[in-house]
Amino acid sequence: MKIAFISPEVYPFAKTGGLADVAGVLPKTLEMLGHEVKVFMPKYDLIDESRFGLHYNWDVGEMPIRVAGHIRSAHLYQTKLPDSNFPAGQTGVEINFIECPHYFNRGKIYTTDNDEDERFILLCKGVIEALQRLKWAPDVIHCNDWQTGLIPLYIKDNYSLPTGQAGLYKTFKKTSTLFTIHNIGYQGKFSKATLNKADIKPDYFYPGGPVEFYDDISFMKTGISFADVINTVSKTYANEILTPEYGAGMEGVLLTRRNDLYGILNGVDYTIWNPEFDNHIPYRYSINDLSGKLKNKQFLLKQLKLPFNETIPVIGIVSRMAVQKGFDLFEEASPDLMELNAQWVVLGSGEDRYEDMFSALAYSYPEKIYVYIGFNNELSHLIEAAADMFLMPSHYEPCGLNQLFSLKYGTVPIVRKTGGLADTVQDWNELFKNGENTGTGFSFDSYTSYSLLNTAQRAIDIFADRETWRKIQINGISKNYSWENSALEYIELYKKAIAKRKMDEEK
């Protein structure tokens, strides 16, 4: 199968969040399963060309692309997806960079500039133009988030593109599209003027129409409306976004496509997140010998100048500090949380309100909580390896990754039962199989500070029972959330998209 994978960010070239990790791992996993994959992303000026060996494609040459009534000059750069586990440190997956300095030399990936819509109009058109010039017709184009949302429309309605591309319909006649929603809250909303900028037929813009969203244009809604198949990054989140509470206004259009909507969990790259091989932790350990975990706990607390007591659990937090992540609950419960018989190690950044809250707690309780405001990759690995528990009280969580890391590290998750957290963390005493308790963590339903506090207390109480605690750890470590499992599910979705495209063509 030929798969074009489109993302606004791809690790290790450019990253702001989990989407980059998905885009950096899923394509290489698909390749290992025997498929031909080409990845496309913008060529931001923050990408280190020499480090990654980018080279200009002279055969493609200059690509004139019309955006907002202007012809912009775009070019194609290429390299291979790096991976130290492959010979010469590279996979066979080709990474294609759409270069247009006018739009992508901004010193950052996303902006609040007035032409943010134009930047990703150019990406969408640039991908289609590059595919034609490469003479490579994919079986499926996998689009990710709102920045790629115009591609399904362009593929299905070639007449919306500028003249001079008569071969478009022939090139993509059999190409299907999958649109993945990583977070429904980010929708790519712009004014009606974007209609002309993107060369979209005005026929599509009317109240409730496929591109219209409260008298604006939404790239997210466009992708949902025109893609052959849609998915998001957990089964529970796929159901949640059909409701007003979680749909962020998109629940209406999603309900019209519910038969084409699926949920697939993101996977974990166990070559990076695995205590048996982790180069960022001083003591490695495995399911057969967890002694290294206690040594990591001693090491971390010594480094942070916190007192060590084997009987007192360390609760880790590595997160973006925002309301979405449940820190309004933490704030409300914080006086009582600080009275629990536990220590806290917190890493993250985000809204000033929550950064200030954690900084104040660290000042007031210097022997109970350590807070690092910012990004620190080594510390994030060490927290996973050293902590006894990991807290994620999210208001909503499309998939979540840290709970998956925690399971592998024997760090018991405490989560709110939503999205991917509900799909991956089974509450202790909630799930039994063949008479055995198969729980892997602690979870709560109600979005209240009382539920958070009560669940944290329940985990701390059970921590005192070493035999039970070890059973919970082993249950979690035994789980397999590898990317291969997720990739196999994506392959089935690609087949569904291809079949739907074929069926629509035959109508």
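Any read-out appearing in this document is the output of simple, stated calculations on the displayed coordinates, not a laboratory observation. Treat the numbers as computed from the prediction; the structure is a model and nothing was measured. A quick note on method: Cβ atoms are made from the backbone with ideal geometry, for glycine too, and the neighbour counts reach across all protein chains shown.
So for Ser50, Ser394, fewest C-beta neighbours within 10 Å to most, what's the order?
Least to most surrounded, the residues fall as Ser50, Ser394.
Just to be sure I understand: of the beta bridges DSSP finds with both ends in region 291-480, what percent are antiparallel, rounded to 5?
Roughly 10 percent of the beta bridges in region 291-480 run antiparallel, per DSSP.
Distance check, please: which entries in Lys80/Lys173; Lys38/Lys125; Lys297/Lys417 exceed 22 angstrom between their Cα atoms?
Too far apart for the 22 Å limit: Lys80/Lys173; Lys297/Lys417.
Going by how many other beta carbons lie within 10 Å of each one, how would you line up Val22, Val415, fewest first?
Val22, Val415
Once the other residues with Cβ under 15 Å from the Cβ of Glu94 are scored (Lys, Arg +1; Asp, Glu -1), what is the net sum?
Once positives and negatives cancel, what remains is +3.
Would you mind telling me the antiparallel percentage of the DSSP bridges in the chain, rounded to 5?
Bridges in the chain that DSSP calls antiparallel: roughly 30 percent.
Report the Cα centroid-to-centroid distance between region 119-137 and region 328-369 in angstrom, as an integer.
47 Å
For the chain, what class follows from the C-alpha gyration tensor (a ≥ b ≥ c being the square roots of its eigenvalues): rounded when a/c is under 1.5, otherwise prolate if a/b is larger than b/c, else oblate?
prolate
Under 19 Å between alpha carbons, and skipping anything fewer than 8 positions from Lys174 in its own chain: which aspartates and glutamates qualify?
Partners within reach: Glu36, Glu129, Asp139, Asp157, Asp228, Asp260, Glu492, Asp504, Glu505, Glu506.
Once the other residues with Cβ under 13 Å from the Cβ of Ile121 are scored (Lys, Arg +1; Asp, Glu -1), what is the net sum?
My count for the surroundings of Ile121 gives -1.
Are there any chymotrypsin sites (Phe, Trp or Tyr not before Pro) in region 341-398 that are in a DSSP loop and have at most 16 other Cβ atoms within 10 Å? List them by number.
Those satisfying the criteria are Phe375.
Using only alpha carbon pairs under 8 Å that are at least six residues apart, calculate the relative contact order of the chain and give it in whole percent.
Relative contact order of the chain: 12 percent.
How far is the Cα center of region 214-276 from the Cα center of region 405-474, in Å?
26 Å
Magnitude of the Cβ-charge dipole of the chain, K/R +1 and D/E -1, about the Cα centre, nearest 20 debye?
In total the dipole reaches around 1200 debye.
Arrange Glu94, Glu384 by Cβ neighbour counts within 10 Å, fewest through most, would you?
The most exposed by this proxy come first: Glu94, Glu384.
First select every other residue whose beta carbon is under 11 angstrom from the beta carbon of Pro275; then total the charges, Lys and Arg +1, Asp and Glu -1.
Local net charge: -1.
May I ask you to list the trypsin sites (Lys or Arg not before Pro) in region 261-344 that are in a DSSP loop and have at most 12 other Cβ atoms within 10 Å of their Cβ?
When the trypsin sites (Lys or Arg not before Pro) of region 261-344 are filtered for loop state and at most 12 Cβ neighbours within 10 Å, Lys305 remain.
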